[in-house]
Amino acid sequence: MSEKAPVVITTKQAKGQINHFGRSLVIYIVLFMAVHYGVPWVSEHYPAALMGMDADLASLCLSIILLVFVAAVPFSISAKFLNLDISSYLKNPRLRGDRILALSCIGIALNLTVTSLSTLFYFFFHTRSISYPFLGSFTTVEKILSNIAYFVFFVVVEPVCDEYIFRGIIQRQLGHYGRYFGVLGSAVLFAVSRENLVAAIPAFFVGWYLSLITLRYHSILPSIQVHIALSMFLWILDIVPGNYLWLLTIFIIIVYILAGLFMFQKRVDTGLVRYGATEVKLWRILLTSSSIVICIILFLINVYFSMH
């Protein structure tokens, strides 16, 4: 028998494989819910437990530690049980700088567009979101440390760890059932891991895009680079003072123009849905796996609390 012959597994076996990484995803969501809701509660009732740190700084420091832990321990254990060779997904495809620029500009334009539309939920559903009042303010040592922690988490740690988790492990495993199912399925779970609808909608489309990049180059390194570029762009938007908004507007217009030119020149593969991505049986298996059901319930709890 050929080594490349497909392996036939039962529905029960497929659910067992999904639950291997699904349990790690539950841990991921629960830990970040604990930080999101727990740190403000501790700050209010037991401020001494924060050892003098501001609640935002404590939350960011905890988030960095927990995300690295979840990627390095539960998800790495899942990858080992699933016999996923993640090292093969860390190969450098040696993309030219202009290709990375093209992929990044399209990703940024996609995120800006979808985020603009998703903010409608603020008005119709009164959705609350996480805000950081210290961003762009460097007047005190605490604010400087908070800005550094924010940068480390959102621009460095989160892109690297999330690409390892959602593209390196989840997409890789789901891709065994269908390559394009892996693309779409990992994007859905990426959205489910967010804290509210306003964050989940852009996460789905950006996750879909990053999954396509991973599939195209058989490596998570390009998606990490694009994710970092996207996070860096959003970080710049957050810290630039209000009197420079005109400069940001010009910057955003340039990004949209470049994205349009790159797509017009067909320098990237923009195909979104192909055979297998919408196969009902695969989705039934994924969405009825016990750990994924728990993830969806936790997401709905997050959505509920974000609206109250």
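Are there any pairs with C-beta distances below 6 angstrom linking a residue in region 198-209 that is over 13 Å from Leu117 (Cβ atoms) to a residue that is in a helix (DSSP H, G or I) and modelled with pLDDT of 95 or more, with the two at least 6 apart or on different chains, and if so which? So the pair list comes out as Ala203/Phe190; Ala203/Ala191; Gly207/Ala187; Gly207/Phe190; Trp208/Ala187.
So, Val39, is that one crowded, with 17+ Cβ neighbours inside 10 Å, within 18 Å of Asn302 (Cβ to Cβ), touching a helix residue (DSSP H, G or I) at 6+ places or on another chain (Cβ under 7 Å) and free of Cβ contacts under 8 Å to residues at least 24 places away in the same chain or not? Spelling it out, Val39 is indeed crowded, with 17+ Cβ neighbours inside 10 Å, within 18 Å of Asn302 (Cβ to Cβ), touching a helix residue (DSSP H, G or I) at 6+ places or on another chain (Cβ under 7 Å) and free of Cβ contacts under 8 Å to residues at least 24 places away in the same chain.
Answer with yes or no whether Ser137 is modelled with pLDDT under 95, part of a helix (DSSP H, G or I) and of a type in the set (S, T, N, Q). Quick ask: steps written out before the conclusion?
On the way: modelled with pLDDT under 95: yes; part of a helix (DSSP H, G or I): no; of a type in the set (S, T, N, Q): yes.
Considered against the rule, which asks whether it is modelled with pLDDT under 95, part of a helix (DSSP H, G or I) and of a type in the set (S, T, N, Q), Ser137 comes out as no.
Considering region 247-297, and only residues there that are modelled with pLDDT of 80 or more and aromatic (Phe, Trp, Tyr), the residue that is farthest from Thr113 (Cα to Cα) turns out to be Trp283.
What are the residues in region 154-193 that are buried (at least 21 other Cβ atoms within 10 Å of the Cβ) and not in a helix (DSSP H, G or I), if any? If the condition is that a residue be buried (at least 21 other Cβ atoms within 10 Å of the Cβ) and not in a helix (DSSP H, G or I), then Ser193 is the only one that fits.
Pairing residues of region 138-160 that are on the phi < 0 side of the Ramachandran plot and without any contact (Cβ under 8 Å) to a residue 24 or more places away in the chain with residues that are surrounded by fewer than 16 Cβ atoms within 10 Å (Cβ to Cβ) and in a loop (DSSP other than H, G, I, E, B), at Cβ distances under 6 Å and at least 6 apart in sequence or on separate chains, gives Lys143/Ser137; Ile144/Phe138.
Annotation note: Cβ proximity below 9 Å between a residue of region 267-288 that is farther than 21 Å from Lys12 by Cβ and a residue that is surrounded by 13 or more Cβ atoms within 10 Å (Cβ to Cβ) and modelled with pLDDT under 85 (sequence gap 6+ or interchain) occurs for Val268/Phe262; Thr270/Met263. Out of all the residues in region 73-84, is one or more basic (Lys, Arg), in a helix (DSSP H, G or I) and surrounded by 17 or more Cβ atoms within 10 Å (Cβ to Cβ)? No, region 73-84 contains no residue that is basic (Lys, Arg), in a helix (DSSP H, G or I) and surrounded by 17 or more Cβ atoms within 10 Å (Cβ to Cβ).
The values are calculated or read from the model by the stated rules, or taken from the named source; none is laboratory data. Nothing here was measured: the structure is a model prediction, and the numbers come from that model. Cβ: placed from backbone, ideal geometry, glycine included. Neighbour counts: every protein chain shown.
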